Every structure is written in structure tokens, then in C-alpha cells.
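Before any comments, here is the structure.
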Amino acid sequence: MSGKLITDKIFFFVKEIITDISQKIQLIPIIIIKKLIKKTQMSYCSSMASLLCPSPTVLLQHKVNRVCVTVSTNITSKSYWTSVRNGRWHELSFVTKAKMAVEGDVLEKESVSVNADYGVVSVHHVGILCENLERSIDFYQNILGLEINEARPDDKLPYRGAWLWVGSEMIHLMELPNPDPLTGRPEHGGRDRHTCIAIRDVSKLKAILDKAGIPYTLSRSGRPAIFTRDPDANALEFTQVDN
């Protein structure tokens, strides 16, 4: 074998080695990228698995929150709700706090223990302003038939007034400049600020108002109720009740 032939074979062999090494070197970045992608995918899958399969601690907290949500939504007719937190029972004043906790899932922040049972009994009285006390007393006492509560004198107050019985509650007439205009008010008193009084017979009151020439409107919904105004345009509703 000649020297040139041996040199050519060696050159060809070295060339193949160099080519092979070059191709492998070019593949290194691709292999690294594939490994990084695979690692990222595994990390993502692990994160998703932790979300889909929470730990027992998370499950327990979720159950506690569900207890609070279930109880609060079932007691919508009351002004408080009961929740369980950190092994203790709490009473909250308003159901709206329970709804906020559900929507924002922030039970710890919204569940503030407040006891708002301060003993609401009924409406005690309604204050009505009048420009002329005698004129208003004539309307409420002589036309509507309300009796003055003599046990509530106004001599200690810096203005004239009178207390009139409305069942077990009262209307407090106060002689002060009336801030409400007498004109431009809604024709129907039900669309204005008004005081509602329960009565037995709307038809009898209607006859009394007709005799006195006092304008009125009937309920727009068809229920037995009549609306009128006192001499200072304060709206009054009289609704018929059975008992």
C-alpha cells in the first residue's frame, strides 16, 4: 500500500471523527433544552396535582369554611349567624358579613365576633314637624281621632309640641319651621316620606276624610290602604289589618 493511500484513509477517518464530534456538539444545546422543558413540565404537573389534591390541612380548613357558609345561608331570616373558627363558636351581627366571607373566601378577616342583640322591641314614636301646633292638633285629634298623651308634657323642651297615641306607640308633633315645601310634592303620599298607621277599616276613614274635604289617594297596588297629608303636607298612610 502506497503512502498516499494510507494518508488518504487517515484523513478520511479523522474527518469522520471530527464530523461526528461536531454533530454531537450541535446536539448538546437541544438536549439541554429538552431536559429543561421536561423539568418544567414535571414542576407544573406537580403544582397542578397539589391544587387538585390538597393536603389534609387544607381539606380540614375547607370543611370548616363550608360549615360556616352552610349555617349562615340557612339563617337568612335572622340578624345573626353562627360560625366555627379555631374550635370556637362565634355569633355575627349581620348575614352580609357571611356573604362577604363566601365571595372573597376570607373568613378569618370578615368573621368579627359582634353581639348586636340590644333588645329591639318596636317603633316608639315618629317625630312630625308642624308650623302651627293648634292647627295640627285639630287635625290629628279631631279628624283622625288620636288621643293626646298627657303623661308626656313638652314644657321641658325648647319648642312647643304634643304626643299623640297611635296604639301603643306615639306621634310627636313638634312646632318648628317645616323644611319640606308644601307644593311640588308627589300627589300620591306613598311616593313621599310617610308614616304608616294600621287601622281596622279603610272605608270608614275614607268617609271621614270625604266629610272633612281632605284629599287622599288609594293604594296603587289595590290593597286596602289610603294616603293623605296633614296641614303641613306630611304624608300619612293608613293600611287595613285583620287583627
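The values are calculated or read from the model by the stated rules, or taken from the named source; none is laboratory data. Please read these numbers as outputs of a predicted model, since none were measured by experiment. Note that we place each Cβ from the backbone using ideal geometry, even for glycine, and neighbour counts take in every protein chain shown. Ligands, DNA and RNA are stripped out before the accessible areas are found, and what is left, the full protein with its side chains, is counted by its heavy atoms. Shrake-Rupley method; radii C 1.70, N 1.55, O 1.52, S 1.80 Å.
Summed over region 200-228, residues that are aromatic (Phe, Trp, Tyr) and either at positive phi or over 33 Å from the mean Cα position of the chain (by Cα) (or both) total 1. Has region 223-242 got at least one residue that is in contact with a Pro (Cβ under 6 Å, 6 or more places away or on another chain) and either open to solvent by less than 70 Å² (accessible area, probe 1.4 Å) or farther than 17 Å from Ser136 by Cβ (or both)? The answer is yes; a qualifying residue exists. List every residue pair whose Cβ atoms sit under 6 Å apart, with the two residues 6 or more apart in sequence or on different chains, where the first one lies in region 155-182 and is on the phi < 0 side of the Ramachandran plot and in a loop (DSSP other than H, G, I, E, B) and the second, anywhere, is surrounded by 11 or more Cβ atoms within 10 Å (Cβ to Cβ) and of a type in the set (A, V, I, L, M, F, W, C). Hits for this filter: Tyr159/Met174; Tyr159/Leu176; Arg160/Leu133; Leu176/Leu129; Asn178/Leu129; Leu182/Ala233. Just one of Thr195, Thr217 is closer than 23 Å to Ser122 by Cβ, not hydrophobic (A, V, I, L, M, F, W, C) and not in a loop (DSSP other than H, G, I, E, B); which is it? It is Thr195. Taken over region 145-174, the residue count meeting the criterion of being open to solvent by 70 Å² or more (accessible area, probe 1.4 Å) and more than 21 Å from Phe227 (Cα to Cα) is 9.
In region 124-144, the residues that are open to solvent by 80 Å² or more (accessible area, probe 1.4 Å) form Cβ pairs under 6 Å with partners that are modelled with pLDDT under 95, at six or more places apart or across chains, as follows: Glu131/Asn178. Looking across region 110-123, the residues that are within 18 Å of Cys196 (Cα to Cα) and in contact (Cβ under 8 Å) with a residue 40 or more places away in the chain come down to Ser122, Val123. Only a single criterion out of (1) among the basic types (Lys, Arg); (2) at pLDDT 95 or above; (3) over 23 Å from His124 (Cα atoms) is not satisfied by Arg185, namely (2).
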